Amino acid sequence: MHLVLLDRWNNLSSPLHRLDPRSKIVGLVGLVLFLVISSRGLPLKIPALAVFLAALILLSGVPLAYCLQRACLVLPFSLMAAAAALAGNRLPGADPSAGLSLPAAAAIVGKSYLSALAILLLVATTRLSDLLRALAFLRVPGALLTIVQFLYRY
């Protein structure tokens, strides 16, 4: 018996749970690519995407507070990346115009948090066996799938 915390939400019956895992994976990749690529209008896009993800979480039946808490696990890493990029502006001999501004650093943190929230929603609404089958169908290398299976199991 596994004690993975996300497994308890896999057996709910919501429209998100019933979607084909391949379509969920493609949607997740599209959402993350949108976050990575988009830079214009971020002050509007990030809150709009946060509301969209919150609506999906509520639709799925997975507790919103649970997802918001679990997604916070990425914050220390993204905060460190943003802080390092901001500190790079202040190094001796560094070009001040080449580094990140404070809004760009905040965008890094927001993008990483929303990406983690989307991944968490995917994992919470799809059984691992279904995810691995869908990833194999989408031609993800077998070695990577084996590593994911070992990470889950051990």
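The values are calculated or read from the model by the stated rules, or taken from the named source; none is laboratory data. For clarity, every value in this text was computed on a predicted model and none was experimentally measured. Cβ: placed from backbone, ideal geometry, glycine included. Neighbour counts: every protein chain shown. For accessibility, only protein heavy atoms count, side chains too; no ligands or nucleic acids. Shrake-Rupley method; radii C 1.70, N 1.55, O 1.52, S 1.80 Å.
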_Using a 10 angstrom Cβ neighbour count of at most 11 plus a DSSP loop assignment to flag exposed trypsin sites (Lys or Arg not before Pro), which longest range of the chain is free of such sites?_
41-89
*Under the Kirkwood approximation for Rh and a Cα-based Rg, what ratio Rg/Rh is obtained for the chain?*
1.03
*Express the accessible area of region 35-154 per residue in Å², computed with a 1.4 Å probe while the remaining protein chains stay in the model.*
62 Å²
*Helix 128-137 versus the longest principal axis of the chain: what angle, 0 to 90°, nearest 10, using Cα atoms?*
80 degrees
_Between helix 102-125 and the chain: long-axis angle, C-alpha atoms, 0 to 90°, nearest 10_ = 0 degrees
*Work through the residues other than Val36 whose Cβ is under 13 Å from its Cβ and net out their charges, Lys, Arg +1 and Asp, Glu -1.*
+2
*Round to a whole number: what % of the accessible area of region 47-91 belongs to carbon and sulfur, probe 1.4 Å?*
81 percent
_Rounding to the nearest 10 and keeping the result within 0 to 90°, find how far the Cα-based axis of helix 142-153 lies from the longest principal axis of the chain._
80 degrees
*In percent, what relative contact order does the chain have, based on Cα pairs under 8 Å that are 6 or more apart in sequence?*
38 percent
_Can you list residues from other chains, or at least 5 along the same chain, whose modelled amide H is less than 5 Å from the amide H of Ser14?_
none
*Prolate/oblate/rounded call for region 45-88, Cα gyration tensor, a/c under 1.5 rounded*: oblate
